Every structure is written in structure tokens, then in C-alpha cells.
Amino acid sequence: MGQKIERDHQRFRKIVRGKVKSNLGKYISRGEMIGKKGRDFVSIPLPSIELPQFRYGQKGSGGVGQGDGDPGQPLTAPQGDQPGGAGDQPGGHILEVDLTLEELADILGEELALPRIEPKGKKNIITTKDKYTGIRQTGPESLRHFKRTFKRAMKRQISSGTYDPVDPMVIPIRADKQYRSWKEIPKPDSVACVMYMMDVSGSMTDEQKEIVRIEAFWIDAWIKKHYKGIDNVYIIHDADAKEVDEHTFYHTRESGGTKISTAYELANKIIDKRYPTSEWNIYAFHFSDGDNWGDDSPHCIKFLQEKLLPKLNLFGYGQVESPYGSGEFFDYVHELTGEHENVVTSKVPDREAILGSIKEFLSTGK
């Protein structure tokens, strides 16, 4: 019985994966998976999944092949001929299915044919450490738990009547001995840091920020698949830059101008202070509508080349279209792609372009 339940469960999971994979573009563009994200699982709304079977209509209701017909008679009653009023039949149900973030990453990788991420150097090596977690009856003498062994021997002698309070000598035997037990705990020598930078000036609308939020969700899912843990850093900027939490990152809108170099300079300071490149794999993604102040763009490119890019596994610039932005910054960054393998650029005009943009960012395998 248990084996059958397990087989049915695995079969159902395969059906769910197939449904999600075949409709991945729809789920991504609508952002349905993000709204129900938990710590380790994401609830995905799926139409009711049922095995194929014959269904029978109500008796005497007519239909194809039933009774005599006249030339020109429709096979089914027109929709407009149905009587009004409240219905008494159940409708279709939406089923919410929980998938792990790793399962979603697998689906994304299969659909977009993404290569596995190859960390720089040896920064993703996992070591183990011994953690003492309990007590067992056997073990080396060096791990004997003397207090527990003594108490066990005393209890045995008292219960057997051999303990003498006048001459309180407690002699443990083999059955009294207790030993510390341990297990190996995986300990990553280092993990990955993912830095998100976003223009929050007045030209960036809520729709552009939602596009960024959706892309960041999938980027996180894919990177987490290849590391034991990641740190997220969120930087917002207009004419100035500051580090914020995730909620502030997606819900802040300023009315000032745009000076992109302030975000890159802050990101560089954070890396130098908290994420030394000898221990961390660092990914940075910047989203903007491409509108930048005055002569700041040449300064940004010089700073990227000399300071930031040497420290990064990957730098991705995503330009979301805005009715207010000029979009000129894209050309500046795109020129770097021919000289630097760790630079990727992508234009995201609307939600329908998100899936293709994710593939552009992650297909390098960096």
C-alpha cells in the first residue's frame, strides 16, 4: 500500500512539473509564483489535474448522435439559449501545489537549457565538522562521558543493593559506560553574494519594479541551486545610493535625478568591507531605464572596468523600458560585453520579455 502511494505521489509530481514547464512563460510573466513564496516552498496555482475518463451528460439532454435531427440543426445548444440565474453545478477548481525552490530551478534550467554555474576558483568547496549531538553505548575511551557513566553506575549499584553510603565506592562496569556521539555537519567554506541595484528615480514606475522583482526571484532560485547559501544585498539609487532591505528595495520611489555611479561605488565598498573575493562568489545585477545624469556614464564604465568587474563572477545590466527614460546607458554597458566575459546586458521592454532576459543573464554559466 505504501509503495503504491509513493508511486502515485511521484506520478503526480511529474504531472505537476510538466504543467509548470509547459506554462513557464505564463507563470513568470504574471508573477504568480512570487506571491505565495515561503521559506523553502512556493505554492503554485494550477488548474484541476484529473486523469482522462469518459463523462456522461444528463439523461435526455440531447447531443451528438442522439435522436432525429433536421438539416441545419446545431449539434449543441447555442450559449445564448441557456436560461439565466444561479447555477447548481460545481465549477472548475484551482489546485495549489507546493514546489521547492530547487524544483523550480530544475524546471527553469530544463526549459531554458541553462548550463550549470561554475564558481570561481575553489570558493564552493564544502567541508565537514564534527558536532556532538547525543550519547551512545559504545565508543572510544577518549569520548567517554564520565558524569553520565558515574550516575548510571551509581543507579545500578543502589538498585542492586551493593552501594554502601559509608564507603561510597562506585565502580562502573561495561554496561554503565556512556560515550558521546557525533555526526558530520556540512560546512560551506564560502557562499555566494547576490547584489541587486535598481534605479528608483521618478522615471521608474511600479510596473518596471515588478519586472525587476520577478527576474530577481528566478535569478535567486537558480543561483541557490548551486550554492549552499547566499547573501542578498539590495541597493537603490537616484542621484545618491543607499543599502536597504528587500521590501524597501521594491517599494521605494524617489523624484530626484539619476546618477548610476553612486550605486556602483557603494557596491564596491560593501564588497571590500563584507565580501572578500578570496572567499565569496559575487554576482551583481543592475536594473535601470537607462537614463543617467550628464557625463556620469563614462565614469560608470571606467569604474566598472577598473574596480568592480575584477571582483565579480557576473555583472548583469537589465534595462527596463520606461516612458520617461532615455535608455542611453544600455549602449555604454553593452560595449563591455565584447571585452569582458562576465558582463551580460539585456533589454526587458515588458513582462513577456522576462523569460528571455533571464536566459540571457544565466546562460553564461559564470
- Heavy atoms only, probe 1.4 Å: what % of the accessible area of the stretch 202-339 goes to carbon and sulfur, would you let me know? 43
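Assuming a strict under-13 Å limit between Cα atoms, what lysine pair count do you get for the stretch 220-340 once near-sequence pairs (fewer than 8 apart, same chain) are dropped? Mind dumping the intermediate values first?
Numbers: 242/259; 242/269; 269/307; 269/311; 273/311.
Value for the stretch 220-340: 5.
With an 8 Å cut-off on Cα pairs and a minimum separation of 6 or more residues, tell me the relative contact order of the stretch 288-327 in percent.
Details: 21 pairs, mean separation 29.6, N = 40.
It comes to 74 percent, rounded to a whole number.
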- The long-range amide H neighbours of residue 98, using H built 1.01 Å from N in the peptide plane and a cut-off of under 5 Å, are 44
- Based on the mean of other Cβ atoms within 10 Å per residue, sort peptides 232-245, 197-210 so the most packed one is first. 197-210, 232-245
- Estimated inter-spin distance, residue 293 and residue 142, nm [label 7 Å along Cα→Cβ]: 6.3
- Query: What spacing in nm lies between the two simple spin-label points modelled at residue 173 and residue 22, each 7 Å away from Cα in the Cβ direction?
  - Reply: 7.0
- Query: Can you list the residues, at least 5 places off or on another chain, whose amide H is less than 5 Å from the amide H of residue 321, using H built in the peptide plane?
  - Reply: 348
- Message: With both bridge residues required to lie in the stretch 218-366, what share of the DSSP beta bridges run antiparallel, to the nearest 5%?
- Response: 25
- Query: Using a Förster distance of 41 Å, how high is the FRET efficiency between residue 350 and residue 7, based on the Cβ-Cβ distance and rounded to 0.05?
  - Reply: 0.45
- Item | Solvent accessible area, Å² - residue 148, 1.4 Å probe, full protein context | 120
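State whether the stretch 255-366 is rounded, prolate or oblate according to the following rule on the C-alpha gyration tensor (a ≥ b ≥ c being the square roots of its eigenvalues): a/c under 1.5 gives rounded; otherwise a/b larger than b/c gives prolate, and the remaining case gives oblate. Present the calculation step by step, with values, prior to reporting the outcome.
On the way: a/c = 1.77, a/b = 1.20, b/c = 1.48.
Taking the square roots of the gyration eigenvalues as a ≥ b ≥ c, the stretch 255-366 is oblate.
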- Calc'd 3J(HN,Hα), the stretch 311-321, phi into Karplus 6.51 cos²θ - 1.76 cosθ + 1.60 (θ = phi - 60°), Hz, glycine/Pro = x, comes to 9, 10, 5, 8, 10, x, 10, x, 9, 8, 6
- Item | 1.4 Å probe accessible area per residue over the stretch 250-325, in Å² | 43
- Query: Using θ = phi - 60° and the Karplus curve 6.51 cos²θ - 1.76 cosθ + 1.60, what whole-Hz ³J(HN,Hα) does each residue of the stretch 140-157 get, with Gly and Pro shown as x?
  - Reply: x, 4, 5, 9, 5, 8, 5, 5, 5, 4, 5, 5, 5, 5, 5, 4, 5, 5
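The values are calculated or read from the model by the stated rules, or taken from the named source; none is laboratory data. Every value quoted in this text rests on a predicted model; they were computed, and no experiment measured them. Neighbour counts are summed over all protein chains in view; Cβ atoms, including those assigned to glycine, are modelled from backbone coordinates with ideal geometry. Accessible surface is based on the protein model in full, side chains and every heavy atom, while ligands, DNA and RNA are left aside. Shrake-Rupley method; radii C 1.70, N 1.55, O 1.52, S 1.80 Å.
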